[in-house]
Amino acid sequence: MENWLMLTLVGKDRPGIVAEITHALFDLQGNLGEASMTRLGGNFTIMLMVYVPEKKTVVEEKLRPVCDKLKLFFHLDEIEAGLHQHIEPDVRISIHGADQAGIVARATDALNKAGLNILNLESDVGGNTDSPVYVMHIEGVAGKGLEAVDQALQKLARENDVVARMTPIDTMVG
Amino acid sequence: MALLNVLIYPDERLKQISQPVKEFSEDIKKFVRDLEETFRSFPGCVGIAAPQVGRFERIVLVDISYKPQHVNHGFLVLINPEITSSEGASLGREGCLSVPDYTGKVERAKSITLEACNENGEEHQFRMSGYEARAVQHEIDHLDGKLFLDRLVSRRNALSKRIELST
């Protein structure tokens, strides 16, 4: 395993953040690995793996003025990580319905008990303010088989008045 | 029989356009056998195209018969393949021998009609859909210097599709 850092940034979104941050990391001779950026509730968020020859404290020192200027919270962790460690999902799950408190907890608890290892999760609230709609997409590995996941989803749908369905993922390698 | 070396992206040769096979010679038959041996040496792989092993002729092999849940034509040797019609659209996840450790969602036609020769030069027509049609489209792309990376649909874009079909 190489010496990777995980950089987490959160703050008010504005154009150019990714360019400024990655430029600052490049100036530190940083090597970027995997990254995930998205807007959550109008906020800019990113987590990215970076390998920098400098120590964590030096990286923090050099990033702080850039993050202060951009008004971003930043957090840096030394992590055990490596590239080329992707796990292939074998199931995609969609859950949606009227927004309700606790639905993420109930859904993920049921899926955990059904043996699902979640690899990706995206959860959103759409609709309008008066009748918000909750939408969640998950990709994962069904450790106890697809049937167990399907049964868990059917039960979840019945008990919570949501639509919950799964589609097997059969990756075509050619 | 011989195992052939598979080109790995970003090898520029994967962007080369392959030429039609003009003569169905013994050399072509021997190459098809070597290509098949190479293809079968990768468990889980359902197809291969000649340019993936550095031979820029329009030859692809597809075999999804080990996935009986998908309707299929068995082992296919497709030389000078032409998709003559296509219908519908479907999102599915693809990977590639030439792009290790990466998979992504790609939109393909759901059903295709295909004309191709076998290694003896005999012309055949196929009608196929779903997983097999996806595999054939992926392999024919290689003949035109395209990889599935050129057709990726990002995860978030995929969510905005009204219907996400799986093949």
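Assorted remarks:
- Shielding by other protein chains, B:93-104, mean Cβ within 10 Å: 4
- Taking the Cα centre of region A:99-174 as reference, the dipole from Cβ charges on Lys and Arg (+1) and Asp and Glu (-1) amounts to some 300 debye.
- Region B:1-118 - accessible surface per residue (Å², probe 1.4 Å): 46
- Degrees separating the helix A:17-27 axis from the principal Cα axis of chain A, which is the longest one: 50
- For chain B, the longest site-free run once GluC sites (Glu not before Pro) in DSSP loop states with at most 13 other Cβ atoms within 10 Å are removed: B:24-121
- 12 Å beta-carbon shell around residue A:112, net charge (K/R +1, D/E -1): +2
- Choice from A:100, A:151, A:85 with maximal GNM fluctuation in chain A (Cα, 10 Å cutoff): A:85
- Interface residues of region A:138-174, defined as those losing at least 20 Å² of solvent-accessible heavy-atom surface relative to the isolated chain (probe radius 1.4 Å), are listed as A:139, A:167, A:170, A:171, A:172, A:173, A:174.
- On region A:2-81, 53 percent of the accessible area sits on carbon and sulfur atoms, based on a 1.4 Å probe.
- Neighbours of residue B:39, meaning other residues whose beta-carbon lies under 12 angstrom from its beta-carbon, give a summed charge of -3 when Lys and Arg score +1 and Asp and Glu score -1.
- GNM result for chain A, Cα springs below 10 Å: residue of A:145, A:30, A:102 fluctuating most strongly: A:102
- Dipole magnitude of region B:12-160 about its Cα centre (Cβ charges: Lys, Arg +1; Asp, Glu -1), debye to nearest 20: 700
- Applying 0.36 nm per residue to the separation of residue A:161 and residue A:77 and subtracting their alpha-carbon distance, the gain on full extension is 26.2 nm.
- Rounded to the nearest 10 square angstrom, residue A:47 shows an accessible area of 100 square angstrom against a 1.4 Å probe.
- Distance violations [Cα-Cα > 30 Å] among B:67/B:146; A:144/B:67; B:110/B:146: none
- Region A:42-79: trypsin sites (Lys or Arg not before Pro) falling in loop per DSSP and having at most 15 other Cβ within 10 Å: A:55, A:71
- Given R0 = 30 Å, the distance between the Cβ atoms of residue B:9 and residue B:29 translates into a calculated FRET efficiency of 0.55.
- Surface share of carbon and sulfur [accessible, 1.4 angstrom probe, percent] for chain B: 48
- Charge tally around residue A:55: other residues with Cβ under 13 Å, Lys/Arg +1 each, Asp/Glu -1 each, net -2.
- Accessible surface for region A:1-115, divided over its residues, is 60 Å² per residue with a 1.4 Å probe.
- Heavy atoms of chains A and B lose about 2000 Å² of accessible surface on contact, summed over both sides with a 1.4 Å probe.
- Listed residues B:43, B:100, B:81, most fluctuating in chain B (Gaussian network, C-alpha, under 10 Å): B:43
- Residues in region B:29-37 carry Karplus couplings, in order, of 4, 5, 4, 4, 5, 5, 5, 5, 4 Hz; the curve used is 6.51 cos²θ - 1.76 cosθ + 1.60 with θ = phi - 60°, and Gly or Pro positions show x.
- Exposure rule at most 11 other beta-carbon atoms within 10 Å, DSSP loop trypsin sites (Lys or Arg not before Pro): chain B longest free segment: B:23-161
- For chain A, the spherically averaged projection of the C-alpha convex hull amounts to 12.8 nm².
The values are calculated or read from the model by the stated rules, or taken from the named source; none is laboratory data. Remember, predicted model here, so these are calculated numbers, not experimental data. Reconstructed Cβ throughout: ideal geometry from the backbone, glycine too, with neighbour counts over all protein chains shown. SASA here: full protein model, heavy atoms, side chains in, ligands and nucleic acids out. Shrake-Rupley method; radii C 1.70, N 1.55, O 1.52, S 1.80 Å.
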